[in-house]
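Down below is the structure, laid out as structure tokens.
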Amino acid sequence: MNFSFLYPYAFLLLFMLPCFWWCRQKVKSVYFPKEEWLPQQAFAWDNQFLYTILIYVLLVFALSAPFSYASELSSSKKGRDLVLVLDTSGSMAERGFNEKDKTQSKYDISVSLAKNFIEQRHDDNVGLVVFGSFAFSASPLTYDLKALNEMFELMSDVGIAGTSTAIGDALIQGLITLKSGQAKSKVLILLTDGVHNAGKYSPRQAVALAQKKGVKIYTIGMGKEADYDVSLLSDIAKDSGGKSFFCQNADELEHVYQSLSKLEPSPIRSEQYLNKEELAIYPLLLALPLLVFLIYRNEER
């Protein structure tokens, strides 16, 4: 039989124990400047002060939620393999997309919102592909989401992969990045503000491969609808079982990511315990009669 606490940080409250004595002495020094006026009392186990401390300690133990269990198992709940495919072509340098801060470029906004989105993925295995005239994996699939977000800081800026827009190559590279994942659910999220005009592979080839591998693709068109191929992005999403989104400003893009979080919720890894028994009731049952006794004794006085 094993023993543990659900909230072990509750024991930090025990560091306040010295305050029981210090505050008690402080009161004495203020209201009773002459100690000889105080009744002499033995420091015995029936002392009210010790009972008070004991009640406090028992309540802290109850707050920490102790429990016993026979064995512990990792949850079988798994996340998904998810790759963000971000456009870094020359058009992403355009400013004015954020109505609250006109100085921000599309690239700056897409990176900021992508980082916020990644932080919410909890148990997902997330990778990053960037593309322009060509595509490359900026990060393989990883559960280290903090390190992945730091990868954005290492990417120089717009044009890191050329100034054109190779959507087909980007999707193929995303599928290659997904190869190392073991999750049953595999997702690509493609964000672009341009039309396919470069690369070795066509978007149709990439979608056919995604269908074969059971990969769902969500597409995000960023900017004015005249800037990107609405029909192509819609077909890519529809044919792969995903969904297409279009946004004309930063607020709309933020709402898109919120929608994606709902469509593809990330489970949170947890622990499972066999024969788990909650024990918080026992310190409470000990503290209650002591508290009643103190109240009764004070009323008698």
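A short reminder: the numbers here are calculations on the coordinates, not readings from a lab. Just so it is clear, the model here is predicted, and its values are computed rather than measured. Every residue, glycine as well, gets a Cβ built from its backbone with ideal geometry; the counts of neighbours run over all protein chains shown.
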| Taking a threshold of 25 Å on the Cα-Cα distance, which of the pairs LYS212/LYS243; LYS102/LYS243; LYS179/LYS216; LYS102/LYS216; LYS184/LYS212 fall above it? | LYS102/LYS243; LYS102/LYS216
| said: Given points 7 Å out from each Cα along the Cα-Cβ axis, report the ALA70 to GLN182 separation in nanometres with one decimal. | reply: 2.7 nm
| request: Quick one: order TYR9, TYR218, TYR282 by neighbouring beta-carbon count within 10 Å, fewest to most. | output: TYR9, TYR282, TYR218
| said: In region 52-67, whose amide N lies under 15 Å from the spot 7 Å out along Cα-to-Cβ of LEU285? List them in ranges. | reply: 62, 66-67
| Taking H as built 1.01 Å from N, whose amide H comes closer than 5 Å to the amide H of THR142, not counting residues under 5 places away? | VAL126, GLY127
| remark: Whole-percent tail of the Cα-Cα distance distribution for region 72-178, cut at 22 Å, equals 35 percent
| note | Whole-Hz Karplus couplings 3J(HN,Hα) for region 211-218, θ = phi - 60° and coefficients 6.51, -1.76, 1.60, Gly and Pro as x, run 4, 5, 8, x, 9, 8, 10, 9
| query | What pairs from LYS200/LYS262; LYS146/LYS276; LYS115/LYS238 go past 30 Å between their alpha carbons? | reply | LYS200/LYS262; LYS146/LYS276
| note | Placing each pseudo-label 7 Å from Cα in the direction of the beta carbon, ASP239 and PHE5 end up separated by a distance in nanometres of 5.8 nm
| message | What FRET efficiency comes out for GLU153 versus HIS255 if R0 is 25 angstrom and r is the Cβ-Cβ distance? Round to the nearest 0.05. | response | 0.45
| task | Quick one: order MET16, MET92 by neighbouring beta-carbon count within 10 Å, fewest to most. | result | MET16, MET92
| Got a sec? How would PHE97, PHE246, PHE136 order by Cβ neighbour count within 10 Å, fewest to most? | PHE136, PHE246, PHE97
| query | If you wrap a convex hull around the Cα atoms of region 81-263, how much volume per residue is inside, in Å³? | reply | 97 Å³
| request: Please give the net charge around CYS247, taking every other residue with its beta carbon less than 11 angstrom from that of CYS247, where Lys and Arg add +1 and Asp and Glu add -1. | output: -3
| said: If I take every Cα pair under 8 Å that is 6 or more residues apart in region 86-184, average their sequence separation and divide by the length, what percent do I get for the relative contact order? | reply: 33 percent
